[in-house]
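> Quick one: this structure, given as structure tokens, is what I'll be asking you about.
The values are calculated or read from the model by the stated rules, or taken from the named source; none is laboratory data. Bear in mind the structure is a predicted one, so any value in this text is a computation, not a measurement. Virtual Cβ from ideal backbone geometry, glycine too; neighbours counted across all protein chains shown.
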Amino acid sequence: MTVEIVLLAMIALFVGLRLYAVLGQRTGHEQQPVTRPEPAAPEAVPAAAPPDLSANPTESSGFAYEKGAAAGIRAIVAADPAFDVARFVEGAQAAYRMVLEAFWKGDREELAFLTGDTVRATFEEAIAEREAAGNTLANRLVAIERAAIEDARLSGRVAEIEVRFDAFIAAVTRDKEGEMIAGSMSDAVPTNDLWTFRRDLASSDPNWRLVETDEAA
């Protein structure tokens, strides 16, 4: 009996040493134990500070506005506290794509919704000339490399914001027989545009409309 007890004790010791060799040594990759944090004393929540627009900030989405636009943006925010710079630039990018595609397709109805009278008239004139010649466009907006607010101003309740778009466009013009007469779908051309968007902040219409287009320097 005594021998059996000694053997069992030796076996238990051997198994314990093996378990320690596998589980008891630290490897540096162990997960730290999760402990319940002690409840913290309630703290007063400081009032949110007004946004600092004096520098040349970059919004969380990665979009920026130039330093010269800060005063105008500040005025627009004061007149319309719901105005958000990043959201506006994202919307301007969407409008840039929609306006270009509508112009390329000759979609006058879409252009009427997105643009002011002067810009719409210019686009419609170009569309009419293209249609009279029997030409069509097969353009494609490849990428918008950067969109940034260059200037902003408020006159009364009417806000205007200039946005610079640096983009790449693949442009092809085809004649009435469908033959390519200009451009290339394999080579994207860099383009730099300066578009001005306008909105009456007193209006219930939340949409900004394109009122001027120009080439950026």
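> May I ask you to say which residue of 108, 198 is over 30 Å from residue 81 (Cβ atoms), at pLDDT 95 or above, out of contact with any His (no Cβ under 9 Å at 6 or more places or on another chain) and not β-branched (Val, Ile, Thr)? Give the derivation first.
Values: 198 fails: over 30 Å from residue 81 (Cβ atoms).
After ruling out the rest, the residue left standing is 108.
> Out of the strands (runs of 3 or more DSSP E) lying entirely within segment 118-217, which hold 3 or more residues that are crowded, with 17+ Cβ neighbours inside 10 Å? First the steps, then the outcome.
Values: elements: 140-155, 158-170, 172-174, 180-183, 189-200, 209-215.
Result: 140-155, 158-170, 189-200, 209-215.
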